Ligand code: NAD
């Protein structure tokens, strides 16, 4: 029996107006387990109306009150709903249960706690002119905003947008990915239970071309916060920019992982294993192009292949599983096509390169062997295009300048990792890398106060900390003449 998901509009759970649904599939089994509203512009219109009527009162609710409600949502995520959310995320996405339990769901709660606290610590600027005049800045919530998120970190990224928008006093029409909507459906129930006033958050489920487009093109939606693919980001800009909507775009990546000979080898190799294959390589921050200095190249290659082959690809529900299912059949085929392309482009498969068929419950699931490819030049499509799966390429380098040049040689600029014990090298390389986020001797060490976002075709704007609160507010200058 499938679970039937509903939209969350005006504080109620509603079926889509046209009663149309799409199938929600468990990627580990290939089975349909949910029916997901295939909402249209009519559902979005209803959600916008309800967000508009909730805006005056929510935007004037004291920050302290908004903060309390957001903390309550976080607490319900952490306690009563925790196990259900963990299981739902893994069922919907295919990620190992331990990732949902230790990363995705705790981070969703942290997003609410963080912005619930941050809103109590804001301040604005003042520009006094001796005894003649004073300017000061008001930061006012922008209105109804649209939040659109992808499937790879479903509740984690959806709440990363919603929490600052609500904290800032905006009302929201949100759309999670139609591929992984289950946890945001549960979030609707949590918000009702936490006492979030009706219409403050509205969640409309459905596809990008229908529900997503209706959000980006709605004249009453004042800002769009989007995370997803670069092509989709370009399409959203084409629609939203001429309407003068504020835009925050977090897009794709093809991140370099630069390993110098003097690195802390054990820490580097364990972390590189994670930065390559965690969440089946489906994290925008994964390091998919690995550059290794020539003195340790052969040693690294041997050890990295061995450790990769020890990763257990299996049922996401099994506690011993390291690598679960990729998110959908379409995505499985995309990854396998890129592997074929890499072979045509002259790449050598050091390990992996194939689909894995499991036995039992997961016999029809979408599993890919962690794959390491060597021998490709940096300009080929495999090294230029985002694959977003458990696939990495290896290349040697001699000198620092060469590594920087290769690292920067793509259209993307999201994140980069550098492994060295030499402080001078670390600072020089970090300074020259074209990436919004640089990790030195670590990966995915996140601090929610910091700037988060990409350069070049990896995005526009920055999320995180007060940046996100600024995005969802308008700055207004007030001048007083004392004379
Ligand atoms: P996607 O662009 O296909 O979809 C993302 C969201 O946009 C979904 O909710 C989708 O329904 C919606 N959408 C699709 N077309 C739309 C349209 N025309 N108008 C409005 N909405 C539309 O991306 P995806 O496949 O879900 O996610 C994977 C991508 O997300 C990768 O490229 C990855 O790098 C990127 N990503 C980036 C970050 C980051 O922080 N930079 C984080 C995670 C994922």
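Just so it is clear, none of the values below were taken in a lab; they were calculated from the coordinates. On a predicted model such as this, the values are computed, not experimentally measured, just so you know. Here the Cβ positions follow ideal geometry from the backbone for every residue, glycine too, while neighbour counts run over all protein chains shown.
Using the Kirkwood radius over Cα pairs, work out the Stokes-Einstein diffusion coefficient for the stretch 71-149 at 4 °C and 1.567 mPa s, in µm²/s as a whole number. Before the final figure, lay out the partial values.
Values: Rh = 15.9 Å.
Once the numbers are plugged in, D ends up at 82 µm²/s.
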Inset, instruction - Per DSSP H run of at least 4 residues, take -39500 (n - 2.57); add these up for the chain, divide by its residues and hand me the 222 nm value, nearest 500 deg cm²/dmol. - result: -11500 deg cm²/dmol
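Taking 8 Å as the Cα distance limit and 6 or more residues as the minimum spacing, I'd like the relative contact order of the chain as a percentage.
Details: 1118 pairs, mean separation 91.9, N = 483.
About 19 percent, as a whole number.
Given Cα pairs under 8 Å that are at least 6 residues apart, what percent is the relative contact order of the stretch 255-448?
Working: 356 pairs, mean separation 55.3, N = 194.
In percent, rounded to a whole number, it is 29.
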Inset, instruction - Would you work out if the stretch 43-99 is rounded, prolate or oblate? Take a ≥ b ≥ c from the square roots of the eigenvalues of the alpha-carbon gyration tensor; rounded if a/c is under 1.5, else prolate when a/b is larger than b/c, oblate otherwise. - result: oblate
Legend entry - Centre separation in Å (Cα based) which lies between the stretch 148-197 and the stretch 354-433: 31 Å
Inset, instruction - For the stretch 1-142, just the Cα atoms, rotate onto the principal axes and tell me the three extents in Å, largest first. - result: 72, 38, 22
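What Kirkwood hydrodynamic radius, in Å, does the stretch 210-303 give when the mean of 1/r is taken over all pairs of distinct Cα atoms and then inverted?
Working: mean 1/r = 0.0624 Å⁻¹.
Its Kirkwood hydrodynamic radius stands at 16.0 Å.
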Inset, instruction - Could you bin all the Cα-Cα distances of the stretch 101-257 into 5 Å bins starting at 0 and give me the percent of pairs in each, rounded to whole numbers? - result: 2, 8, 16, 20, 19, 14, 9, 5, 3, 2, 1, 0
Inset, instruction - In whole Å, largest first, what are the principal axis extents of the Cα atoms in the stretch 255-448? - result: 53, 35, 34
Legend entry - Size of the chain as Cα extents on the principal axes (Å, biggest first): 71, 67, 40
Legend entry - Nearest 10 degrees, 0 to 90: helix 154-168 Cα axis against the chain principal axis: 30 degrees
Inset, instruction - Could you please state, rounded to a whole Å, how far the C-alpha centre of the stretch 449-483 is from the C-alpha centre of the stretch 213-231? - result: 18 Å
Legend entry - Rounded to 10°, Cα long-axis angle of helix 182-194 versus longest principal axis of the chain: 30 degrees
Inset, instruction - Could you state the angle between the C-alpha long axis of helix 105-118 and the longest principal axis of the C-alpha atoms of the chain, as a value from 0 to 90 degrees rounded to the nearest 10? - result: 40 degrees
Inset, instruction - Apply the Debye scattering formula to the stretch 301-411, with a single equal point scatterer on each alpha-carbon and no solvent, then give log10 I(q)/I(0) at q = 0.23 Å⁻¹. - result: -1.29
Legend entry - Geometric extent, Cα atoms of the stretch 396-483 - Rg, Dmax (angstrom): 18.0, 69
Legend entry - Per-selection metrics, the stretch 125-214 (Cα): Rg and Dmax in Å: 17.6, 60
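Could you list 173, 327, 478 in order of exposure, starting from the residue whose Cβ has the fewest other Cβ atoms within 10 Å?
Details: 173 30, 327 27, 478 11.
Ascending Cβ contact count within 10 Å gives the list 478, 327, 173.
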Legend entry - Compactness of the stretch 317-357, expressed as Rg and Dmax over alpha-carbon positions, Å: 12.4, 37
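From the Cα trace of the stretch 252-296, what convex hull volume per residue do you get, rounded to a whole Å³?
Working: hull volume 2.6 nm³, N = 45.
Taking the convex hull of the Cα positions in the stretch 252-296, it is 58 Å³ per residue.
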Inset, instruction - Could you work out the Kirkwood radius for the stretch 400-440, taking every pair of different alpha carbons, averaging 1/r and inverting it, reported in Å? - result: 10.2 Å
